[in-house]
Amino acid sequence: MLKYIVFLYFTITILERTIALPTELKNEIYFQGKLYRVDNDNHVLKQIRFAKQCTGNQLGLYVPYNTVKFFWSGFGVADSDKVAAEIAQHVAAKEGKKGVTLEMLLELEENAHIKPCKWTTPVTPECRQFWQDLSCEYATASKGEVRVILGPKVSPTSAWLSTEKGQLEYRRSNGQDLWGFKQYELETVYCRDMAAHQTQIPQTKIEICTRNI
């Protein structure tokens, strides 16, 4: 009888490890039109766990639905927010749509109550936390079409990797109203596709488009 109990115990243990993984150790997420299976040690799962804790809407950010929501990161230049705005407006306009970024939304009357701090180098802990919270809220409040523009200097601690991406992946994996997720490379879209575009920040565009020459 004892031998049978020991055998049954080891059999159940093996089955649990190979077949019936607990829910928290086994997840499937959809991102950029693909299905990803992640486990407990996967970085994506860590992002999802963070996303579950990111409720957003603490600042009352208004995000209009009928726009293409652009996220961006890793540009590595001054006026990066203006570069992102030019790309969002240009790319979306070619398709008859309106593109916005988080910084553009802060200029809306509906968001006049939000008073952003200026990001400096080095940035203060309070200002860093403000932008992290606001980025989280942008990723939480965004619905409809979403796209991302990535430069060559995306930091692991950037808002995109530390907050926004995980939140968007988590929400989409739970069937929320998010779609698109088209990704653009900064130099490709800004220097090649928008080569003839008249920019308001010519020196910044020159810096971006000549740094790899």
#### Entry: Exclusive hit being open to solvent by 40 Å² or more (accessible area, probe 1.4 Å) and of a type in the set (Ser, Thr, Tyr), set SER155, SER80, SER135
SER155
### Task
Taking THR121 as the residue in question, decide whether it is open to solvent by 60 Å² or more (accessible area, probe 1.4 Å), within 22 Å of LYS82 (Cβ to Cβ) and β-branched (Val, Ile, Thr).
yes
### Condition check for THR140: open to solvent by less than 80 Å² (accessible area, probe 1.4 Å) and farther than 18 Å from LYS69 by Cβ
no
### Query
For the stretch 93-104, does any single residue satisfy the condition of being in a helix (DSSP H, G or I), surrounded by fewer than 18 Cβ atoms within 10 Å (Cβ to Cβ) and in contact with a Cys (Cβ under 7 Å, 6 or more places away or on another chain)?
no
### Task
Residues that are farther than 23 Å from GLN89 by Cα and among the polar types (S, T, N, Q): find the helices (runs of 4 or more DSSP H) completely inside the stretch 113-213 holding 2 or more of those.
125-141, 165-173
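Quick one: count up the residues across the stretch 157-189 that are under 26 Å from GLN132 (Cα atoms), of a type in the set (Ser, Thr, Tyr) and at pLDDT 95 or above.
Residues in the stretch 157-189 being under 26 Å from GLN132 (Cα atoms), of a type in the set (Ser, Thr, Tyr) and at pLDDT 95 or above: 1 in total.
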### Task
Starting from residues that are small (Gly, Ala, Ser) and more than 20 Å from LEU105 (Cβ to Cβ), keep the ones in the stretch 125-156 and report whichever is modelled with the lowest pLDDT.
SER155
### Query
Applying the selection to the stretch 162-187, what residues are open to solvent by 50 Å² or more (accessible area, probe 1.4 Å) and either more than 13 Å from the chain's Cα centre (by Cα) or among the hydrophobic types (A, V, I, L, M, F, W, C) (or both)?
ASN174, GLY175, GLN176, ASP177, TRP179, GLU185
### Among (1) of a type outside the set (Asp, Glu); (2) surrounded by fewer than 16 Cβ atoms within 10 Å (Cβ to Cβ); (3) over 12 Å from the mean Cα position of the chain (by Cα) - the single one TYR190 does not satisfy
(2)
### Query
Within the bounds of the stretch 146-163, is there any residue that is of a type in the set (Val, Ile, Thr), touching an Asp or Glu at 6+ places or on another chain (Cβ under 7 Å) and within 19 Å of ILE87 (Cα to Cα)?
no
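The values are calculated or read from the model by the stated rules, or taken from the named source; none is laboratory data. Since this is a predicted model, take the numbers as computed values, not measurements. Cβ sites come from the backbone with ideal geometry, for glycine too, and all protein chains shown count toward neighbours. When the accessible area is computed, the model is the full protein with side chains, heavy atoms only, and any ligands, DNA or RNA have been set aside. Shrake-Rupley method; radii C 1.70, N 1.55, O 1.52, S 1.80 Å.
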